1. Going by alpha carbons, how many degrees (0 to 90, nearest 10) lie between the helix axis of 46-55 and the longest principal axis of the chain?
2. If each DSSP helix of 4+ residues adds -39,500 (n - 2.57) and the sum is divided by the residues in the chain, what number results at 222 nm, nearest 500 deg cm²/dmol?
3. Considering only the chain, what is the antiparallel percent among its DSSP beta bridges, to the nearest 5?
4. Among Phe147, Phe105, which comes first, then next, by fewest other beta-carbon atoms within 10 Å?
5. Please order His89, His59 by the number of other Cβ within 10 Å, starting at the fewest.
6. How much length would be gained if the chain were fully extended between Ala50 and Glu156, taking 0.36 nm per residue of separation minus their Cα-Cα distance, in nm to one decimal?
7. Considering only Cα-Cα distances, which of the following residue pairs are longer than 21 Å: Lys55/Lys107; Lys57/Lys119; Lys57/Lys79; Lys55/Lys79?
8. I'd like the orientation of helix 13-30 relative to the chain: the angle between its Cα long axis and the longest Cα principal axis, in ° from 0 to 90, rounded to 10.
Amino acid sequence: MQMREGMIPSISRSEIEEIVAELAREIERDYENKEIVLICPLKGSVLFLADLSRKIKLHQIIDFVYITSPKGESCRILKDISVDLLNKHVLIIEEIIDAGRTLSFLKSRILASYPASLKVVALLDKPALRELPLNPDYVGRTIEDRFVIGYGMDSEEIGRNYGDIYNFAQ
């Protein structure tokens, strides 16, 4: 496993498992006896989606969206949602929310499809960097303003496969 200099452990694999299990329980309580649609923004949220979807014991549909939002440019959809969201209970599954630009774009895109409900599930929430008034409905952990990698999050495509989450010493 290739490690970057200055990385320090932040959230262990076992802590992630506990967080994911608790989020699954909350979602099951809120959507008891309902079908849900889990929307996974690529690429970072894939591991979180996989673990969360296995823990949620509800009928579910999974779909993916790939949105790019380079700094200073507007969002572009590279792979759109293929599921009909009309009158469905939709959950956007995010590994981390920071500025919120891409998530805000995605929420608007989904709301235009008239879902029955739309909520956001975030493993990590980093509100210090928020540029838009956006709050996730389910939060695994709120973190300070530090760059993190691991468990789907990367630094130039390095770190997505780490089982733990790391940040960098300041």
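No value in this document is a laboratory result; all are computed from the given coordinates. These numbers were taken from a predicted model, which means no experiment stands behind them. Reconstructed Cβ throughout: ideal geometry from the backbone, glycine too, with neighbour counts over all protein chains shown.
1. With rounding to tens, the tilt is 60 degrees.
2. Numbers: 3 runs with 39 residues, N = 170.
Calculated at 222 nm, the ellipticity per residue is -7500 deg cm²/dmol.
3. Working: 11 of 33 bridges.
Taking every DSSP beta bridge with both residues in the chain, the antiparallel ones total about 35 percent.
4. Details: Phe147 13, Phe105 17.
Ranking Phe147, Phe105 by Cβ neighbours within 10 Å, fewest first, gives Phe147, Phe105.
5. Numbers: His89 19, His59 10.
Fewest-to-most ranking of His89, His59: His59, His89.
6. Working: separation 106, 0.36 × 106 = 38.16 nm, distance 2.21 nm.
Computed gain between Ala50 and Glu156 is 35.9 nm.
7. Details: Lys55/Lys107 24 Å; Lys57/Lys119 18 Å; Lys57/Lys79 27 Å; Lys55/Lys79 26 Å.
Among Lys55/Lys107; Lys57/Lys119; Lys57/Lys79; Lys55/Lys79, the Cα-Cα distance tops 21 Å for Lys55/Lys107; Lys57/Lys79; Lys55/Lys79.
8. 20
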